[in-house]
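Quick notes on the structure that follows.
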Amino acid sequence: MKLLETIQVRNGKPINIEYHSARFNLSRTELFGIKASLDLSKHIQIPKDCLAGIYRCRLIYERDIEEIGFSAYQFKPVQSLKIVEVPDVNYAYKWADRHIFKNLLQQNSDVDEIIISKNGSITDCTFANLAFWDGENWFTPNTPLLKGTKRTKLIDDGKISEVEIGVSDVRNYQKVCLINSFRELDFLAAIDVNTIKTMTL
């Protein structure tokens, strides 16, 4: 099964490339036993028409890099969220096949995006990690489906802290921010938690 790295290219420069390289190398080691590390910055050639603005670099790989493509970044606005319990979901590696997330969104089309809970613990939404604001500090669930590169950098920089966040804990926070390679930790873009819906069984 093919794996994926999605890298932001801003004005011709790959952003946080060292974090993408680290995840790429860890995945190859754990899945294929490959110990030789690659620096992705030496393998990504930015096309001339992608040197200004924000672009999405999509890198497909298994044991080796198989495909690298570029497309203009399109921001996905998210204003409504719903918590959905999915006890059997697993996404520890960034697989290119994301049908499970597409299916979940289709099943919950009454909101823009869903927050996935697993056995009562908050994990991620379908395309981003989560950061919750309690009025003083930012916290991210210690049970993510995928350890995103932006999430890892924010933890390393001391801007967010990992804690256990259950579904019942969400109301203890004021706002939630969606973070990924293209989405910054931004208070103004965060969503009020009191607007989050809960799936009714």
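Just so it is clear, none of the values below were taken in a lab; they were calculated from the coordinates. This one's a predicted model, so the numbers in the text were calculated from it and none came from an experiment. Neighbour counts are summed over all protein chains in view; Cβ atoms, including those assigned to glycine, are modelled from backbone coordinates with ideal geometry.
Observations on the structure shown:
- Once the chain from A72 to T152 is taken as fully extended at 0.36 nm per residue, the excess over their C-alpha distance is 26.3 nm.
- Built amide H within the under 5 Å cut-off of N142, gap 5+: V163, E164, I165
- Centroid-to-centroid separation of the range 1-75 and the range 143-174 [C-alpha atoms, Å]: 24 Å
- Straight-line cross-link reach from K82 at under 16 Å between alpha-carbon atoms covers these aspartates and glutamates, not counting any fewer than eight positions away in the same chain: D110, D112, E113, D124, D169, D192.
- FRET efficiency, K2 to S37 (Cβ-Cβ, R0 25 Å, nearest 0.05): 0.80
- Whether the range 46-101 is rounded, prolate or oblate, judged on the alpha carbon gyration tensor where a/c under 1.5 counts as rounded: oblate
- Under 20 Å of direct C-alpha separation, and excluding same-chain neighbours fewer than eight residues apart, K42 reaches these lysines: K13.
- Kirkwood hydrodynamic radius computed over the range 81-198 comes to 14.2 Å, based on all pairs of distinct alpha carbons.
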